Amino acid sequence: MKIVETIAETRAFLDAVRAQHRSLGFVPTMGYLHDGHASLIRRARAENDAVAVSIFVNPLQFGANEDLAAYPRDLERDAKLCESEGADIVFAPSVAEMYPSPNPFSIVVGDIGNKLCGRTRPGHFDGVATVVAKLFNIAGPCRAYFGAKDAQQLVVIRRLARAFDFPVEVVGCPIVREADGLAMSSRNVYLEPAEREAALVLKRALDEAAAAVRQGERDGRRIAEDIAARISSEPRARLDYAVCADPETLDDVERVEGAALLAVAAWFGKARLIDNMTVTP
Ligand code: AMP
């Protein structure tokens with residue numbers, strides 16, 4: 001497996017893959033890899049002839065008061081994981097390689113980026129869309145794998161690919177959880193043991209809401225309120241939002257008739273965690 005830091009070397013490697021008529025799977029990440037990332041690499045491996053992983057903590061998607069400096073990093077360990085999962089190349093650029101200009105251009109995603117996480121993270125999805133657009137340009141034609149864990153991100157990226165006609169097939173992959181239900185996240189390392197225990201309330205609140213839908217609950221606002229109340233009943237949780245939303249538009253759903261996205265965000269200590277589940281009546 002190759003580890004490269006430059007855009008030019010990455011392009012040359014991936015162009016050579018395509019010149020041999022081999023298909024390419026691409027897995028963009030911010031590193032500090034866990035089994036959620038590994039599941040994307042494995043899927044890419046199973047569905048393509050070659051696999052590229054990018055590891056880049058993208059400053060554009062962090063707000064001024066967010067955890068950019070503290071974000072966990074371990075390139076050596078990540079590279080081992082990529083190699084053992086069968087990746088062919090890891091692209092791990094510096095910030096200067098990705099953003100040579102001191103005042104980089106940005107993609108503006110608009111309304112879809114102002115909902116859910118966008119309300120507390122203004123500009124976050126512009127930063128995500130900008131780096132993913134660059135990564136798609138660097139990778140070239142491929143299938144790109146993203147986790148449903150970041151549900152709004154997946155919606156934004158599907159729209160991005162369509163909006164700019166990137167020759168990329170966006171593939172959404174299921175959330176990978178710890179045995180006790182906590183969604184895997186690089187940010188889980190921030191959790192103190194008591195916060196780690198408290199964070200299980202996210203999955204429990206979603207499970208209870210899904211059970212209510214199975215039992216006939218259709219009132220979207222009540223579903224969202226019940227999730228919010230359940231999370232707020234945990235003293236160590238500070239709720240950001242709980243929604244019952246349309247999976248494509250992310251608008252609140254009044255009556256659950258088709259698939260609905262139940263999505264939550266909450267702080268536990270200094271970790272802001274997100275989780276979601278899609279329910280269909
Ligand atoms: P990140 O490194 O957090 O930017 O995540 C890189 C990719 O891995 C994104 O597509 C995420 O949605 C995906 N991902 C992160 N955590 C999980 C998880 N627990 N299950 C599935 N995919 C995940």
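The values are calculated or read from the model by the stated rules, or taken from the named source; none is laboratory data. If you're wondering where the values come from, they're calculated on a predicted model, not measured in any experiment. Cβ atoms come from the backbone with ideal geometry, glycine included; neighbour counts cover every protein chain shown. We work out accessible area using only protein heavy atoms, side chains counted, and drop any ligands, DNA or RNA first. Shrake-Rupley method; radii C 1.70, N 1.55, O 1.52, S 1.80 Å.
Tally Lys and Arg at +1 and Asp and Glu at -1 over the other residues with C-beta under 9 Å from the C-beta of Ala183: what net charge comes out?
Numbers: positive: Lys149, Arg177, Lys203; negative: Glu178, Asp275.
Once all neighbours under 9 Å are counted, the net charge is +1.
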TODO: Report, by chain and number, residues whose modeled amide H sits under 5 Å from the one on Val170, excluding near sequence neighbours (fewer than 5 apart, same chain).
DONE: Ala144
Task: For the range 222-235, Karplus couplings with θ = phi - 60° (6.51, -1.76, 1.60), whole Hz, Gly/Pro x - done: 5, 4, 5, 5, 5, 5, 4, 5, 5, 5, 5, 6, 8, x
TODO: Could you let me know the centre-to-centre spacing of the range 52-127 and the range 202-222, using Cα atoms, in angstrom?
DONE: 33
Task: Calculated [θ] (222 nm, deg cm²/dmol) that DSSP helices of n ≥ 4 give over the chain, each run adding -39,500 (n - 2.57) - done: -11500 deg cm²/dmol
Open item on the list: With the alpha-carbon atoms as the only input, what is the per residue convex hull volume for the range 45-114 in Å³?
Closed with: 150
TODO: Determine the shape class of the chain: with a ≥ b ≥ c the square roots of the Cα gyration tensor eigenvalues, call it rounded for a/c under 1.5, and otherwise prolate if a/b is greater than b/c, oblate otherwise.
DONE: prolate
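Put Val108, Val171 in order of accessible area, largest first, 1.4 Å probe: what do you get? Can you show the working numbers first?
Numbers: Val108 115, Val171 15 Å².
Heavy-atom accessible area, descending, gives Val108, Val171.
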- [ ] Using only the Cα atoms of the range 167-247, construct the convex hull and provide its projected area averaged over every direction, in square nanometres to one decimal.
- [x] 7.3
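Quick one: plug the Kirkwood hydrodynamic radius of the range 15-87 (C-alpha pairs) into Stokes-Einstein at 37 °C, 0.692 mPa s, and report D in µm²/s. Before the final figure, lay out each step's value.
On the way: Rh = 13.4 Å.
Diffusion coefficient, whole number: 246 µm²/s.
Where both partners of a DSSP beta bridge lie in the chain, what percent of those bridges are antiparallel, to the nearest 5? If you can, show how the numbers build up before the last one.
Working: 20 of 40 bridges.
Taking every DSSP beta bridge with both residues in the chain, the antiparallel ones total about 50 percent.
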Task: Global form of the range 63-188, assessed from the alpha-carbon gyration tensor, a/c cut-off 1.5 - done: rounded
Open item on the list: Give me a comma-separated list of calculated 3J(HN,Hα) values for the range 120-134, in order, Karplus coefficients 6.51, -1.76, 1.60 applied at θ = phi - 60°, integers in Hz, x for any Gly or Pro.
Closed with: 9, 10, x, x, 4, 6, 4, x, 5, 4, 5, 5, 5, 4, 5
Task: Table column - 3J(HN,Hα) (Hz), the range 59-74, Karplus curve with 6.51, -1.76, 1.60, x for Gly and Pro - done: x, 5, 9, 9, x, 4, 9, 9, 9, 3, 5, 8, 4, x, 9, 7
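Please report, in debye to the nearest 20, how large the charge dipole of the chain is about its Cα centre when each Lys and Arg carries +1 at its beta carbon and each Asp and Glu carries -1 there. Don't skip to the end; give the middle numbers.
Values: 34 positive and 40 negative charges, 29 e Å.
With Lys and Arg at +1 and Asp and Glu at -1, about 140 debye.
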